[in-house]
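Following: one structure in structure tokens, then a few remarks.
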Amino acid sequence: MTKKKITVAITGLNNTDNPGPGIPVIRGLLESTFFDVRIIGLAYENLEPGIYMEDHVDKVYSVPYPSIGTEALIKRIKYINSKEKIDLLIPNFDAELYSFMKSAKVLEEMGIKTFLPTIESFEERHKANLDKYGKQYGIKVPKSKSIFKESEIYSLSDDFDYPLLVKGKYYDAFVAYNKDQIKTHFNKISSKWGVPIIIQEFIKGTEVNVIALGDGKGNTVGAVPMRKQYITDKGKAWGGITIDDKKMISITNDLIAKTKWRGGMELEMIKTNNGDYYLIEINPRIPAWVYLAVGAGQNLPEALAKLALGIDFDYFTDYKLGKMFVRYSYDIIMDIDKFQKLSMTGEI
Amino acid sequence: MNINKNIAISGNGFVFDPTTGESFSLNSIGTEILSYLKQDMSKEEIVLAILEKYEIDNITVEKNYVEFLAILREYKLIEND
């Protein structure tokens, strides 16, 4: 069978110890039996390792941070599209998703498809709204409260026991055992990601995650549960294993059916010793451990590309149990020319 | 005794619980007892099998058997007696 040629632009090339999903998404696409993919990497910083992984990216362009403004970002994409004729764009950072969701129509007019959640479903699953979300969709969630000012820390004691979690709106989470620690974490996170800061009940148990893909019509295209086996000091999985957790799959299917979720997602849950499941976070995009799902028989990046491009296919019904991943770090040696070229011209 | 039927036991004593993703290493006697449990053998049958095979007294076998089962229960590899 001749493979269908497509050009896919991808962000999240920061394959660091806090990895973006870009490179694992690319690996899934490159292993597609259906697509012949040309990869255009979109980089926010010149030292994102994926930029220099020549086996994975065909061309890389630097793009402005979404915080500079959606207009500047889309202008840059327009320029890149004039050179590359992009068929599909897969953004992989939480912080950039809003800009791309808002611009989906403009991108479509440029001939660029996306497959993203609706703004409504993106907004309602924010960590700051988790309480409401749990009630609305019938899922257990830890008690949480958003705070905007340091002074609010002093009125928390009535609602929360220690330890508790202090979380940023997009990233970072720390355990705090007293008010002083909450204050330290509040200042550290808010200086980086702004407010609100979310104070969350600490649920004791095992963290289990599900990667899933929703078709936007209420159907689960694929879902694979994983337990982290090795966690970095940033709380990221450095090793994990697929598990047989029917309850998690059922929670995922139910949530996707109720929310008509469109696109990739990751459900982070805590399973208590009593067998209860608490939803602690929904990441509104494919997570960095997606390649485990590919290895377990569900090429979700390929499936996402098919959905975006309107290609019919059979949804996944199974995955291999006991598939493991272990990450490693690796040094790429190169001449300064590439770095210089990207720094000076914005493309490589 | 309800041993989780999904549990995979390899000949060298590696036990994998696919429900939790946990894995365990057993010594040879632990591997043997778990394989007996998987065959739905009763406590009496298992104790007898071990007594016939090894030079050991009944009290020691029973004591170790009970302790081993407590560990299996703690890790949710068996559900009840």
Helix A:70-84 sits at what angle to the longest principal axis of chain A, using alpha carbons and giving 0 to 90 degrees rounded to 10? 30 degrees
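Quote the charge dipole size of the range A:269-338 about the Cα centre in Debye, to the nearest 20; the model charges only the Cβ of Lys and Arg (+1) and of Asp and Glu (-1).
180 debye
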With a ≥ b ≥ c from the Cα gyration tensor eigenvalues, square-rooted, and the rule rounded for a/c under 1.5, otherwise prolate when a/b > b/c and oblate otherwise, the range B:1-57 is oblate
Treating the beta-carbon of each Lys and Arg as +1 and of each Asp and Glu as -1, no other charges, what is the dipole magnitude of the protein assembly as shown about its Cα centre, to the nearest 20 debye? 1620 debye
Between A:Thr118 and A:Thr272, 0.36 nm times their residue separation minus their Cα-Cα distance comes to what? 52.3 nm
For A:327-338, A:193-204, A:146-157, ranked highest to lowest by mean beta-carbon neighbours within 10 Å, the order is A:193-204, A:146-157, A:327-338
Among the lysines, which fall within straight-line cross-link reach of A:Lys102, defined as a Cα-Cα distance under 16 Å, with same-chain neighbours fewer than 8 residues apart omitted? A:Lys75, A:Lys78, A:Lys113
Note, the range A:132-140: 3J(HN,Hα) by Karplus (6.51, -1.76, 1.60, θ = phi - 60°), whole Hz, Gly/Pro = x, goes 5, 4, x, 5, 4, 10, x, 10, 5
Once fully extended, how much extra length lies between A:Thr184 and A:Leu30, figured as 0.36 nm per residue of separation less the alpha-carbon to alpha-carbon distance? 51.1 nm
Hey, for a label at A:Met344 modelled as a point 7 Å past Cα toward Cβ, could you say which residues of the range A:52-69 have their backbone N under 19 Å away? A:52, A:60-63
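In peptide A:234-244, what is the residue-averaged number of other protein chain Cβ atoms found within 10 Å of each Cβ?
2
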Summing +1 for each Lys or Arg and -1 for each Asp or Glu, what net charge is found among the other residues whose Cβ lies under 9 Å from the Cβ of A:Val195? +2
Considering only DSSP states other than H, G, I, E and B, which trypsin sites (Lys or Arg not before Pro) in the range A:240-321 qualify as loop sites with at most 13 other Cβ atoms within 10 Å? A:Lys320
Helical mean residue ellipticity (222 nm; -39500 (n - 2.57) per DSSP H run of 4+; nearest 500) of the protein assembly as shown: -10000 deg cm²/dmol
Show me A:273-282, A:64-73 ranked by packing, highest mean number of other Cβ atoms within 10 Å first. A:273-282, A:64-73
To the nearest 20 Debye, how big is the dipole of the range A:143-201 about its Cα centre, given +1 on the beta carbon of each Lys and Arg and -1 on that of each Asp and Glu? 280 debye
Ranking A:Ile139, A:Ala293, A:Thr345 by how far each Cα lies towards the positive end of the charge dipole of chain A (+1 on Lys and Arg Cβ, -1 on Asp and Glu Cβ), the top one is A:Ile139
Which of the aspartates and glutamates could a cross-linker bridge to A:Lys188, judged by Cα under 18 Å and excluding same-chain residues fewer than eight apart? A:Glu150, A:Glu152, A:Asp172, A:Asp180, A:Asp233
Please list, by residue number, everything in the range A:194-232 whose backbone N is under 13 Å from a paramagnetic label point 7 Å out along Cα→Cβ of A:Lys3. none
Among all the aspartates and glutamates, which ones have a C-alpha under 16 Å from B:Lys38's C-alpha, if same-chain residues fewer than 8 places away are not counted? B:Asp17, B:Glu79, B:Asp81
Write down the percent of antiparallel bridges among all DSSP beta bridges whose residues are both part of chain A, to the nearest 5. 75 percent
Of A:Lys4/A:Lys85; A:Lys247/A:Lys271; A:Lys59/A:Lys192; A:Lys149/A:Lys183, which sit over 20 Å apart, Cα to Cα? A:Lys59/A:Lys192
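Read-outs: derived from the displayed coordinates by stated rules, not from any lab. All values derive from a computational prediction rather than experimental measurement. Neighbour counts run over all protein chains shown; Cβ positions are idealised from the backbone, glycine included.
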